[in-house]
Each structure stands twice: as C-alpha cells, then as structure tokens.
Amino acid sequence: MTVPLGDWEMTERLLMAALIGAVLGLEREWRQKSAGLRTNILIAVGTTTFTLMSIDFASGVQGADPARLAAQIVTGVGFLGAGAIMRTDSGIHGLTTAATVWVNAALSVAVGGGEYHLALIGSIVTLSALLILHPIEIALDRHLRRPHGQRVNQDDDGPTDA
C-alpha cells in the first residue's frame with residue numbers, strides 16, 4: 001500500500017509537469033507549429049493529474065494497480081497526437097508535433113509518479129532532439145533528396161537546372 005500524497009507534493013508535481021510542458025510547447029511555438037505552449041501545458045497537467053488520481057485511487061485498495069490508468073493515457077494521448085498528423089499532396093505533416101505530444105505525456109506520467117530524475121533527463125533528451133537535430137535534418141534533406149545538378153531558384157521553391 002502507498003501513503004497518500006499531500007497537497008504540497010501534488011502541487012509540486014503538477015507545477016513541474018506544467019514547466020516541462022511549457023518548455024516543449026515553447027519549442028513548438030518557436031517553430032510555429034499547431035500544438036504549442038497552451039496545448040503542451042494542458043497535456044502535461046492533464047496527464048499528471050490522471051497519474052496522481054491513479055495513485056490516489058490505488059492507495060488503500062488491496063491488489064489495485066495504478067499502472068492501469070497510465071496505460072489508458074498512452075492510448076488517449078496517441079489518439080490526440082494522431083489529430084495533429086495531416087497528409088497533403090506535398091507529404092505528411094505533423095509527425096514531430098504528434099511525437100512531442102506523446103513524449104510530453106510520458107514525461108508527465110513520470111512526474112506524476114514521482115520520477116523527477118527520469119522526467120528531467122527525458123526532457124533534456126527530447127528538447128535536444130527537437131533543437132539540435134532539426135538543422136541537421138534540414139541539411140541532410142537538402143543534400144540527399146535533391147537531385148545533383150539542381151539548385152533552388154531564389155524566386156520560387158522549385159528546383160532549377162544548374
């Protein structure tokens with residue numbers, strides 16, 4: 001059996017989750033993506049609240065499994081993230097935003113469960129992937145996907161023969 005959490009501990013966890021969600025949301029805002037600051041904060045606070053509720057519901061109940069609610073969070077947030085993905089004639093858009101929403105929820109479950117160290121390390125790794133790998137991805141895309149001998153005309157986005 002687990003000891004019920006006090007109000008201060010729950011508040012601390014919710015605020016930490018909101019901070020992590022805000023950091024991820026600011027990165028999405030900076031890149032002008034649809035799931036930005038408010039969305040990521042709400043996902044973080046909601047996910048942490050569900051996790052805290054699960055822990056609270058399981059405390060004092062013999063054989064209760066607080067992980068059952070966390071498993072449902074994974075499914076629900078996956079559905080939410082799927083809404084950020086769009087397929088157009090020019091390709092698929094929103095995969096990184098959907099993945100960020102999903103990782104945000106995972107980090108928030110960690111915070112709700114009191115695994116602050118894991119959540120902080122996961123946040124650093126996630127933010128590093130979003131910030132550091134983006135320019136590398138763009139450079140690789142330009143180098144690998146554009147046929148040799150073509151360059152981008154400054155007046156439009158289409159390739160022209162060199």
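Would you tally the residues in segment 121-144 being under 17 Å from Thr47 (Cα atoms) and without any contact (Cβ under 8 Å) to a residue 24 or more places away in the chain?
Final tally of qualifying residues: 1.
Does Leu52 count as of a type in the set (A, V, I, L, M), modelled with pLDDT under 95 and more than 15 Å from the chain's Cα centre (by Cα)?
When the stated conditions are applied, Leu52 passes them.
Being exposed (fewer than 14 other Cβ atoms within 10 Å of the Cβ) and farther than 23 Å from Leu26 by Cα is true for just one of Ala64, Ala71. Which residue is that?
Ala71
Among the residues that make up segment 37-57, is at least one of them among the charged types (D, E, K, R), more than 27 Å from Leu131 (Cβ to Cβ), without any contact (Cβ under 8 Å) to a residue 12 or more places away in the chain and surrounded by fewer than 16 Cβ atoms within 10 Å (Cβ to Cβ)?
no
List, please: which pairs have Cβ atoms under 9 Å, are six or more places apart or on different chains, and start with a residue in segment 93-118 that is in contact (Cβ under 8 Å) with a residue 24 or more places away in the chain and end with one that is among the aromatic types (Phe, Trp, Tyr)?
Partner pairs satisfying both residue conditions: Ser108/Phe50; Val109/Phe50; Gly112/Phe50.
The values are calculated or read from the model by the stated rules, or taken from the named source; none is laboratory data. Keep in mind it's a predicted model, so treat the numbers as computed, not measured. All Cβ positions, glycine included, derive from the backbone under ideal geometry; neighbour counts span all protein chains shown.
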